[in-house]
Structure formats: structure tokens, C-alpha cells
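Peer 1: Quick one: this structure, given as C-alpha cells, is what I'll be asking you about.
Bear in mind these aren't lab numbers, they're just calculated from the coordinates by the rules spelled out. Predicted model only: the values in this text are computed from it and were never measured. Counting neighbours? That spans all protein chains shown, and the Cβs are built from the backbone with ideal geometry, glycine included.
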4 protein chains.
Amino acid sequence: MQLGMIGLGRMGANISRRILRAGHECVAYDVSPDSVAALVAEGATGVDDLEALVAALPAPRAIWLMIPAGLTGGVVDGLAPLLEPGDILIDGGNSNYRDDVRRAARLAEKGIHYVDVGTSGGVFGLERGYCLMVGGPAKAVERLDPLLRTIAPGAGEIPRTPGRDGAFAPEELGYLHCGASGAGHFVKMVHNGIEYGIMAAFAEGLNILENADAGIREAEHSAEVAPLEEPEFYRFDIDTAKVSELWRRGSVISSWLLDLTAAALHANPALDGLAGRVSDSGEGRWTVKAAVDIGVPVPVLAASLFERFASRDEDRFANQVLSAMRQQFGGHQELPAGDVLEAGGRRAE
Amino acid sequence: MQLGMIGLGRMGANISRRILRAGHECVAYDVSPDSVAALVAEGATGVDDLEALVAALPAPRAIWLMIPAGLTGGVVDGLAPLLEPGDILIDGGNSNYRDDVRRAARLAEKGIHYVDVGTSGGVFGLERGYCLMVGGPAKAVERLDPLLRTIAPGAGEIPRTPGRDGAFAPEELGYLHCGASGAGHFVKMVHNGIEYGIMAAFAEGLNILENADAGIREAEHSAEVAPLEEPEFYRFDIDTAKVSELWRRGSVISSWLLDLTAAALHANPALDGLAGRVSDSGEGRWTVKAAVDIGVPVPVLAASLFERFASRDEDRFANQVLSAMRQQFGGHQELPAGDVLEAGGRRAE
Amino acid sequence: MQLGMIGLGRMGANISRRILRAGHECVAYDVSPDSVAALVAEGATGVDDLEALVAALPAPRAIWLMIPAGLTGGVVDGLAPLLEPGDILIDGGNSNYRDDVRRAARLAEKGIHYVDVGTSGGVFGLERGYCLMVGGPAKAVERLDPLLRTIAPGAGEIPRTPGRDGAFAPEELGYLHCGASGAGHFVKMVHNGIEYGIMAAFAEGLNILENADAGIREAEHSAEVAPLEEPEFYRFDIDTAKVSELWRRGSVISSWLLDLTAAALHANPALDGLAGRVSDSGEGRWTVKAAVDIGVPVPVLAASLFERFASRDEDRFANQVLSAMRQQFGGHQELPAGDVLEAGGRRAE
Amino acid sequence: MQLGMIGLGRMGANISRRILRAGHECVAYDVSPDSVAALVAEGATGVDDLEALVAALPAPRAIWLMIPAGLTGGVVDGLAPLLEPGDILIDGGNSNYRDDVRRAARLAEKGIHYVDVGTSGGVFGLERGYCLMVGGPAKAVERLDPLLRTIAPGAGEIPRTPGRDGAFAPEELGYLHCGASGAGHFVKMVHNGIEYGIMAAFAEGLNILENADAGIREAEHSAEVAPLEEPEFYRFDIDTAKVSELWRRGSVISSWLLDLTAAALHANPALDGLAGRVSDSGEGRWTVKAAVDIGVPVPVLAASLFERFASRDEDRFANQVLSAMRQQFGGHQELPAGDVLEAGGRRAE
């Protein structure tokens, strides 16, 4: 089968490689001629622009966009006039599923099928394969089946879920038609929202372990905060790198994210050089907003997002307001920052 | 009626003043002779030590401790041998209610009544009166009624709750026997837990208003975070000092904490000089722990406590762990802090 | 001054009454002729349709919409062709500020000024006045000043904020021009978001008090949950109606919402007949979504929203998933709902 | 090596089996003679009481308690007088680490070593091995090394963490000396706290997917809640069983808990018969309380705990309070539960 690939960044290139290795054909385009050349060396057909890409593919075409979400709209607009009814346009990037819903409706008027594919796998995808969450018209998704199956991880060595037998279902091979246009990115969005929650659960728990020596360090504590009440219970000096390695085996929380955590802490046990200002991508935000829209409570997912905001000092004004309120309790005098107790060490609340 | 007062910090002194102004007698002691002298000048009888205090009061005595919670245990132990059956020992400080439960049981063996009084009012208490949450044996609390009534704010000009009529109940005068020993500080503890939640609600809301100009400031945003998706909806330049003043009148959220907020923001609209490192006292922590003990969900109260912790960078290791995990997604390369995107601006998750 | 009022529900009618009582003129319209007649009896000019309303007001007009947010768009569309450049259209309802931004831009093309007014006050507004948060072009808002001043509560008996003196600023009278079109409803939205947080803080705290007798009730607890570890600390029988009345006087958390709580609990101490399925309006949701958009952490405001969702069983599937996972720990056997412990009373995690 | 095992429930019996299969000796005791007999049939030496168990083991002994946490204290008290200096007492149950700290200090006075072992593995532990988190004196833990190594999973087929090479460290074999007495159960406690967070992340995310059809079901929504604003974005019919299977392969959130989720949803896609009343054991609570003690923010872990409380209706009074407050907004009239809007469909806030 033939696939046109637009965007040869790491993920686009690696997906193309999986396609080529499986014996499919790939017509590849990127703004960087070097990226195109690299893939041509591995068997792809290289082209110089979108027109050439469309021309190199016989109808009905399948063209996969693997470009930054911010650029997708423009490229779709540029491609649409070049396409014919029956062609399939695939967005494998990190688009907001709402854009899929809108684009699919617009393209459907021209008979073009729009398929959105949420793609998970990161830097390990070339070897492990990519987990593919697919949305779009059933017939178009069916036509893509040989490609999706190639890009996906396959059944691998993962133990089969009890009760499943016979031929592997697509979801057991690592790809799934999740529903109508947008469903692929919707499922991927929720996937990332869950990822934020899991990451936060590990981070919070490890933070407790890291501070389990509070009863030893207590003397360092300033008068600013409530003193540790039972220091005898917090005199543990725990090696978080070893603990995270330990939990990889036999424990209920073993997971790929734990694997990554163990690797990171082994390489850099004190996490030197990391400021702890944590970025967030759109998916975590969209997940919370979607949950709010449909009235589903997501306290954990939202808390994990807000922790990231706070890690970047986005809570600054709120905290200043709290300090200011507390100054008011203290009788309107201006106290130096960091010393908001009354002289006698007693709060007036 | 006579009251012995131990501890003449601001609250102890002001409670004594309310007692004296109402025509009661007050025997006063403090480690600082100057504090004693100041109150003697206003009509109190001053004493030099605990023995003299006990000697100056005829049995059955009523003695009020208004000292830092950390010292209360020692003073109670020192006083107990000097007291007689029928005497009442009152702890008006910020003790953990668990200490009350333990102390009351121990003193009851000697026939001494232990009464715990959670006291709210801050620097305004001398004029406004103090809201008193009282725990202990009913008979002892009844005997203290004349004093409690004097210290409390009274009915004041606050509109009466619909359905209440006739003589004012104690709770309408600002004091209440809440239950057995410990109940006073338990109710005060929950009061402070609620206070944390309310303060956080205002702080978070004002933080949204302060950042409602994000669509104007957008250019400043780095590539580190998700870009603002619809900047046209965040182009407001809102004066939080004026808004908090506004809400004091006619709005559903008018409250004393809003009054304080409006005062703080009027005095210092940009909250200059405040680092936003927010202290917490024991009560907020005890509230969450009590809720956990009895299985009551308190997501809001807990979140308000955790925000304070995070304001003091207690989330640091957790955030470093998150950054470290995200580096792992990026292919094991060490990226400089604050730049955890891949070169192409695309995350690999 | 003249005002056209469209929508004579309780708030529209009461705002009209405050206008009329102050000597202004009011031309009133409602779909219900009875509502119009009632207001005519109090001095308004009644009209039968929008055309008549516009005709009865000399240009430049000021027309206030006080109708359900869902209808506002249609009425604005119907009114726009009837209006002239320089006319002011005021939306006093609960619109999403995003609709204001869009509508203001559209009407500005025709020279019509659009002013959005967030209105707080509830059933007490007729006497107390309404807190008004106003967005729109400065000149239009200035022209409305006499009306806004009349509708607002005025300075009242609320103590003046320290540092403020001289003539009262508008915000001290209960109305404020908050910024460009949409700013009024934006501030009102955040106001309601804060309100959710405060309500939740009270509700959670009172729930702790209500369950402070867990150590007495312990025997009733099933084997389903962790047993109470230190029952001796939870043997309080606390009267939440009295406590909430108590806190109204002298305490840090005194507030109008506490007044309402005290009234509700006095009228119905056991809250009989209340199912505790808590509704939410749009503002709480929009607040969280706005915070997510601009990257402001709002764990307390979000938690208060999610509690409402959960109160309506919107957490049902999530909880079933948790139960299902826990069954898997137990060895794949299907246990009856409510009994997810192993036979030996020991969990296998 | 010899081990005495007290408590032959599933975990105690399976740990004994792993010991026996590795060629160690096991002296076994349980209150149930049948349980003892079953293990004797597999090679253990059975005894009838604690005295016989101690007598059957030459000093210095190693005795492992695998009994419900509530019974551990009594058994330790019963065993202590029978033991000699140099003996090791191991608590492999779910004890609170605080009890370990206290017990270890008491037993140390008699020269008895107390070792606490947090054990994870569930029903799969017999084959997979148990992840062991160990606390106690270094010398005692070293002596137990042959046993711990046998009980633990070993390196298995799990890919080695990058940067690790040479002989396997104990944590790579699935057991770790985490620190002083109590450290084992402390780490296990935090492990379970993290587990709660991960479970909640999955549950919340799947709940969003389950309700992604809200735009289709919209007509069913009552007037009680805010209407769905953009139903066109919530018209997905997503199969959560298939999605959770899908995510097992190649995705960032692949994990053992996801494996369990996929199995549960495959067996029972609608989760029929599950009431969603989710139990919690002590560890989740202790984790939050420890974090509060040492001032570490854990919004995600706490939220996951509170969700479980709420799933069992422990939020009931709080929700009733919220409904009661909202009734007050509505003008004091008593509205039927579930209908807290004003007649006109407009809230008065």
C-alpha cells in the first residue's frame, strides 16, 4: 500500500520507516530537504512540495500529516484543493479533537475522508511501535488497516488479557478505530490527561519519601511554619532511586512511567540541574475542559494540571493575596516577607 | 466574678480588659512584669508567679491560660498540684483538641474541671469581642457563663436569623458550649480549616482576574507552555483592589475576609514586598487529618492547605521528578532546565 | 433618566422598582402581560413588544435585558435593527462573557454600545441593592452612571475600608466599570467561582462537625472501610445549627453565606428532605475553563465544582472502575457490590 | 535457612511456598489447623502454637508474621517473652509504620531485632514473587537476605534500567532495605498512596470517555444542571474496554493497573453489578496524614482518597448543606429535592 507522509520530524520519519520496513511504499515530504533525503536513502520516494506529493500518489490517496498542531490547519487548507473525492487525509499530530470535528465536516463536503490519529510512543516508537487511536469514517479507517497495523506495536510479548482468545483484535495489536472524526484525538487527549495524573501520583509519593527525614532536619525549620509534631516518626533516609527501581518488580504500580522514573533517578539521583518548572501541552488542559463541559468530576486530573501551573509560579498572585490577608489579621502592620507571625509567635486568627 | 489570667499577650490582655470593663475582677500573671504592670494600671490585680495567682483567688477558682500552645502542657502540669477539686482550668489558646481530651481526663481524676475555649477575633477582638467555642463539663461551663458572655461579642447589630426570637441564645451572643472536653478546640480547628478554604477561594479567583490580560501579555509567553488558544477572550485589565471593594456591597460573597482583602489591596494594590510564601498553623493540618480519620471528604480544605505548602516550595522535589520524567520522553538527553521541549517544538508523549 | 427594561422576572422587576423609586422613568416589557401590568401599577410605562419599547424611548436609548442567558442572543438580534447609533444595549443577565465579546464587536459596527452587567444580589436585592460589575465602552458606561448608582446598594452601613476617604468611589457604592466589553460578566463569573469555593469550604467543614461523633457510632461501621483508629478523639455531638450561628459573631469567617447557612440549619437542623444533589450554573464551569486557558491554578475552585458533579452521581462510572480494579486484585472472583474485601478481611494489594 | 511463619492466609501460605520451593525450611503456624496441614503437605513443619513454633526453631530465629494488622500487636506481645536476644521478628503485614517504630524500640530493649516488610504482589505473588520493602537494623536485614531474595520476584524479563550493569542490586531483584525500623511499611504506605492516585487517574479518564456521548444523550438532561454548551463536540460512542486494551501496547500509560482495568472491562464491559462504593485501606489515609505532617503537598493523592470517601456517600451532609444554601438564595421557599432552580429557570445568585 502507498502512503504519503508530510512532516519528517522524529515521529513522522520513524512512522515512515516502519511503513517502509513492512514493504509498503512511502512518498515523503518535509520543509527540510535534508530530512527528505535521509528518508529517500531508506527507500522512500522524496518530493519537493505538496503538489508533487499528490501527483506521486494514485487516487484514492492516503496522506498522513505529522506536523506541529499549529500548522495543521494551514496545510489542510493547502492540500484540500489538490485532493479528489475518495482521498483520505490523516492527521497524526497533536491536534485538538475539536479541530478534527470541524475539518472533517468541511472536507466531507468535498468527498474527502478525514481521519484523526492520536499517536503515543515517543522516542521508543520506531522499535516498539506506536499506539494508534483512530477517529473517522469507518470505510476510510478500514482502508488504512494495513498501514495502521504496520505502525502499531503488534501483540508483542504482553500477556493476553484473560478471556481473550482466537485472532487478535486490532486493539490487541495496538490500534483502534475509536469512533467518528475527532474520536482518535479525543481518546489521545484523555490518555495524556491520565498520564498527567499518573506522573503526579509518582511525583507526590516520591516527594513524601524524599522528605521522610523531616524529623532529622527539623532544626533547620524556621518559625514560619507549624513545627513537626512527632519528629520521631520522620527519621527515614530513603533512597528514591532505589525505591523506584524496586517497585518495577512485582508491585502493583509497575508501569512504563515508573521505568522512566527509575531511569531518571538512577542517572541523576538528586535531580541536579532540574528547576522543576514543569511544562504542559494542550492535551492536559483540553481534558479538564472537556470534563467540565460534560459534567464529569476529575479532581485528580485537574490537580495534576494545576500542580504544573504552580510549578511555574502561576500561583504567585494568589499566594501574595493570602500573605496580604494574613498581614491584615496581624493588625495592619507591614511585616517582612517570610515573617508573618506575630512577634510572640502566635497567630491572631 | 473573678478570673485568673495567665498570659498577657495581646489576646490575653484584651480578654482581661473586656473582663475588667464589665466589672469583673481579674488576677493577672505573665512572664513579663511590664505586661502585668500595664494591666494593673487598668484595674487588674497583678501577681508574680503561679502560686501567688492561685493564692489570690478563692476556691472554686477559674483560671484562664492564654499562652502559646507549645507551652500549655508545662503550665498545666505546674498548676495542677496547686489547684483544688472544683477549680476550673481554661485553655483559651490554640491547643490541639487531642491534648484537651488527654488533659481533661487526667485533671478530672483530681476533681479539676478542664474547659477548652477556641477563641477567634484577632486584633479586633478588644472592641468586637471574641467568638468563643467552648468544650468541657456542662456544670463548669455554666459557672463560667458570666465571663464568657462578657468576652463574647454579644448580639451586636447583626441581623437576627429568621425564625429566631425571644431571648438571645448563647450562640447569638457569640459563645457556645459545643460539647465535651476538646469540642471547643475541635470546632475552632474546623473553623480555621474553613477559613483556609475561604481564603484560598478568594486568592484563586483574584489570581484569575489579575491574569485576565493574558491575551495582551501573550507575546511574552515562552515556548515552554501551551500557547493561549483564544487570546481575544483574555484582554481585560482588571483592578483587583476595586473589584474586592465592590464585592463588599450587595454581593453573595461579602464577608469579613473580603473586607480584609479589600483593605490589603487598597493599601498595596500590587502587593509589593510580599513574597507569597504562606505560613500555616496547626489547625489547618489537624482539620485535614481529622477528616481523613473519620472518612469525610475535604477536597477543598485539603487543596487550600496544599497550596500553602507549595507556596513555600515544598513541592520542589515532586516538580523535579516531573521534569525528569519528561526528559526521559525526550530521549534521555539532558536538556537545560526550563527547556524541556524537543528541538522541533513537539513533545514526544 | 429613562431606561427600557426587557424581562420582568424577579430581578428585572426589582431593578425596575429601584429605578422608579429613585425618580427615573422605566419603559417595561415582558412576554407576560401580567408582569408588565404589575410594574405599570408601580409607575412604569408598559409596552407590548420590542418595537413599542424602542419607540417609547427617545434616542440615545438605554435598554436593559434581564432575561435567561439562553434567550439573550435572539433578543439582541431582534433588537439590533430597531436601534440607532449611540443607543446602549445592556445585558444584565448571566451571559457567558465570551458572548459579550462577540456581540459587542458586532453591535459596535452599527455604532450601538453594548454594556454587560454582572448582577449579584438575589432575592434581597430589592432592598439591599444589587452589586453591579460592568463591562463596555467607557463613554457608554459613564452615561449610565445615574442608573447604575440607583440600582447599586450604595455605601450603606458597611465600615469604610481603612485608607479610603473623601467622596465615595463607585466601587464603594456597589458598582464598578471593570473594563472592556465582557469584563462585567467576566468579573461576575469569577465572583460565582469564588462563591462555589466558599460554599464548599463551609459544607466540608460542617460535614466534619456532623461526623465528629464517629467514635460513638463506630460499631455501625461495616468491614468495608478502614476502622476508626482512635475513636476516643471523635466522641463529640456537635450542633451544627448552633455552631454556624455562633460563627456569625466575631469570627474570621463571618460572611453572608454563613448567615444563609445558619438560617438554613436553624429552619431545618437535620436538613430533612434535601437529597444533596447540587446543581451548578454555567459560571462555575466557565471560571475553571478560563483558569485553565490562562494557566492559573485553581485547585479549590475546581474541587468545589467537581464536588457538585459528584453529588449528582456523575462520578459513577469512575467509581465502578475503581471497584472493578480492586476486584482484580482479589483474584478475578466476582464479589457482591459493597463487599470487596477478601474473605479473610485482608486486602491483597 | 529456616523461617517460622505465623499466619497462613493466602499471602502467608504463598510466601511459605516460595521459601520451601527454594529449599529453605519453614515452620508454619496458623489458627486454622487445616491451613497448617495444607502447608505440611507441601513440605513445611507444622506446629500447634507459638511456643511450639519457637521451640522448633534454633536460635537465632527468624519469625515472619503474616496476619491482619489489627492482630499484630497482640501476637508480638505474646511472642516477645518466648524469644531470645538475637532473634528476628518480621512483620510482613499491613501495619502502620508508626507501630513498627514503637515496637522496634520496645523489642530492641530485649535484644530482639524487629524487621518490617511491606509486601506487594497480591494474588499473583506466588508465581511473580513479592515486591519487598524492608525496614530495620542493617545486620538483621542482612541475615534475612537469602529469604528475602527467595520471596522477591527476581530480575525477571523486565528490561534493565539504562546505566545499570554488573551484578544485580537487591532492588533489581525486587527487595530493598529501605532504612530504619518502620521504613519498610513507610515505603509500602506511600506505594499504596501512589496506587490510589494512579487508579483514580484511570478511573477519571475512563469516565470522560464513557460520557463522551453527552451530546447525544443531551435531551435526557434535566433542567437541574447547566446545559451542554457545545453538544457537537461530545458525540462519541467510545468502547472503554477496547480503549483500555489498546493502551496496553506502546502507550505511555501502560502499566499493571491498566492490565487489570482492561481485564475487568473485557469481562464486564458495563461493569454490571458494581455499585461503585469504593473501600479504602489504612495506607491511603496514612499517606495523606504523613504528607500533612511533614508539609508535603499531595493534592492528587488526597483527591484520590476523598473520591473513595465520596463514593460511599460520606459527602452527604456537605451536599445537603450546599443544597440548603442554594435554597436560601431562592427566597426561603422549600423546593423539592432535585429542583433547586427558581420557577423561571433562573438562579438568583
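Peer 1: With only Lys, Arg, Asp and Glu charged, each at its Cβ (+1 for the first two, -1 for the last two), find how big the charge dipole of region B:240-318 is about the Cα centre; round to the nearest 20 debye.
Peer 2: It comes to approximately 140 debye.
Peer 1: Return the percentage of antiparallel bridges among DSSP beta bridges fully within region B:89-221, rounded to the nearest 5 %.
Peer 2: 40
Peer 1: For residue D:114, which sequence-distant residues (separation of 5 or more, or a different chain) have an amide H within less than 5 Å of its own amide H, given hydrogens modelled in the peptide plane?
Peer 2: D:89
Peer 1: Checking the a/c ratio against 1.5 first, then a/b against b/c, what shape does the Cα gyration tensor give for region C:1-88?
Peer 2: Verdict is oblate for region C:1-88.
Peer 1: Right, next: With a Förster radius of 30 Å, plug the Cβ-Cβ distance of residue B:138 and residue B:25 into 1/(1 + (r/R0)^6) and report the FRET value to the nearest 0.05.
Peer 2: That pair, residue B:138 with residue B:25, gives E of 0.75.
Peer 1: Relative to the other copies, what are the label-point distances for residue B:162, with labels 7 Å from Cα along the C-beta vector, expressed in nm at one decimal and sorted shortest first?
Peer 2: Sorted ascending, the copy-to-copy spacings read 3.6, 5.8, 6.7 nm.
Peer 1: With an 8 Å Cα cut-off and a minimum separation of 6 or more residues, compute the relative contact order for chain A in percent.
Peer 2: 11
Peer 1: Treat the count of other C-beta atoms within 10 Å as a stand-in for reagent exposure and order A:234, A:97 from fewest to most.
Peer 2: The order, fewest Cβ neighbours first, is A:234, A:97.
Peer 1: Considering only DSSP beta bridges where both residues belong to the protein assembly as shown, give the percentage that are antiparallel (nearest 5).
Peer 2: In the protein assembly as shown, approximately 20 percent of DSSP beta bridges are antiparallel ones.
Peer 1: Assume the label is 7 Å from Cα along Cα to beta carbon: what separations in nm does residue C:229 have to the matching positions in the other copies?
Peer 2: Ordered by distance, the counterparts are at 1.2, 4.2, 4.3 nm.
Peer 1: Magnitude of the Cβ-charge dipole of chain C, K/R +1 and D/E -1, about the Cα centre, nearest 20 debye?
Peer 2: Taking the Cα centre of chain C as origin, the dipole is about 1040 debye.
Peer 1: Given the rotation that superposes chain B on chain C, what residue of B brings its beta carbon nearest the axis, and what is the distance in Å?
Peer 2: B:255, 2
Peer 1: Report ³J(HN,Hα) in whole Hz for each residue of region C:25-35, in order, from the Karplus equation J = 6.51 cos²θ - 1.76 cosθ + 1.60 where θ = phi - 60°; Gly and Pro get x.
Peer 2: My calculation for region C:25-35 gives 9, 9, 9, 10, 9, 8, 5, 9, x, 4, 4 Hz in order.
Peer 1: Can you grab the distance from the C-alpha centre of region A:27-96 to the C-alpha centre of region D:84-154, Å, no decimals?
Peer 2: 60
Peer 1: Which of C:286, D:64 comes first, and how do the rest follow, when ranked by fewest Cβ neighbours within 10 Å?
Peer 2: Fewest-to-most Cβ neighbours within 10 Å comes out as C:286, D:64.
Peer 1: Hey, could you grab the Kirkwood Rh for region D:1-150? Inverse mean 1/r over distinct alpha carbon pairs, Å, one decimal.
Peer 2: Its Kirkwood hydrodynamic radius stands at 15.1 Å.
Peer 1: Per residue of region D:107-114, in order, report the coupling 6.51 cos²θ - 1.76 cosθ + 1.60 (Karplus, θ = phi - 60°) as ³J(HN,Hα) in whole Hz, putting x for Gly and Pro.
Peer 2: Coupling constants for region D:107-114: 6, 4, 4, 9, x, 8, 8, 10 Hz.
Peer 1: Report the charge-dipole magnitude of the protein assembly as shown in Debye, nearest 20, computed about the Cα centre from +1 at each Lys and Arg Cβ and -1 at each Asp and Glu Cβ.
Peer 2: Here the protein assembly as shown has a charge dipole of around 0 debye.
Peer 1: Output the relative contact order of region B:87-229, whole-number percent, from Cα pairs under 8 angstrom with separation of 6+ residues.
Peer 2: The value is 25 percent.
Peer 1: With respect to the cross-link table entries D:110/D:139; B:188/B:242; B:289/C:289; B:110/C:242; A:110/A:289; A:110/A:139, which display a Cα-Cα separation exceeding 20 Å?
Peer 2: Check vs 20 Å cut-off fails for B:188/B:242; B:289/C:289; B:110/C:242; A:110/A:289.
Peer 1: Please go through region D:1-100 and write out the GluC sites (Glu not before Pro) that DSSP classes as loop and that have at most 15 other C-beta atoms within 10 Å.
Peer 2: When the GluC sites (Glu not before Pro) of region D:1-100 are filtered for loop state and at most 15 Cβ neighbours within 10 Å, D:42 remain.
Peer 1: Decide, for region B:104-243, between rounded, prolate and oblate: order the square roots of the alpha carbon gyration tensor eigenvalues as a ≥ b ≥ c, take rounded if a/c falls under 1.5, and otherwise choose prolate if a/b is larger than b/c, else oblate.
Peer 2: prolate
Peer 1: Can you list, bin by bin at 20 Å, the percent of alpha carbon pairs in the protein assembly as shown, starting at 0?
Peer 2: 10, 35, 35, 17, 3, 0
Peer 1: With a cut-off of 8 Å between alpha carbons and a minimum separation of six or more residues, what is the relative contact order of region B:1-131 in percent?
Peer 2: Averaging sequence separation for qualifying contacts and normalising by length gives 23 percent for region B:1-131.
Peer 1: Now, a different point. Tell me the chymotrypsin sites (Phe, Trp or Tyr not before Pro) within region A:108-195 that lie in a loop according to DSSP and have at most 16 other beta-carbon atoms within 10 Å.
Peer 2: In loop regions of region A:108-195 (DSSP not H, G, I, E or B), the sparsely surrounded chymotrypsin sites (Phe, Trp or Tyr not before Pro) are A:168.
Peer 1: In terms of the Cα gyration tensor, with a ≥ b ≥ c the square roots of its eigenvalues, is chain A rounded because a/c is under 1.5, prolate because a/b exceeds b/c, or oblate?
Peer 2: Prolate, because a/c is 1.5 or more and a/b exceeds b/c.
Peer 1: Another question about this same structure. Would you work out which of B:147, B:267, B:296 lies farthest towards the positive end of the dipole of chain B? Charges go on Cβ: Lys and Arg +1, Asp and Glu -1.
Peer 2: B:147
Peer 1: Could you give, in nm with one decimal, how far residue B:270 is from each other copy of that position, shortest first, with labels 7 Å out from Cα toward Cβ?
Peer 2: 3.7, 5.9, 6.3
Peer 1: Give me B:157, D:195, C:204 ranked fewest to most by other Cβ atoms within 10 Å of their Cβ, as a rough exposure proxy.
Peer 2: With the sparsest Cβ surroundings first, the list reads B:157, D:195, C:204.
Peer 1: How much of the DSSP beta bridge set in chain A is antiparallel, as a percent to the nearest 5?
Peer 2: 20
Peer 1: Loop-only check: which trypsin sites (Lys or Arg not before Pro) in region C:163-272 are DSSP coil with at most 16 other Cβ within 10 angstrom?
Peer 2: C:164
Peer 1: OK, next. When the helix-only estimate is applied to chain B (DSSP H runs of n ≥ 4, each -39,500 (n - 2.57), divided by the residue count), what is the mean residue ellipticity at 222 nm, nearest 500 deg cm²/dmol?
Peer 2: When only DSSP H runs of four or more count, the value is -13500 deg cm²/dmol.
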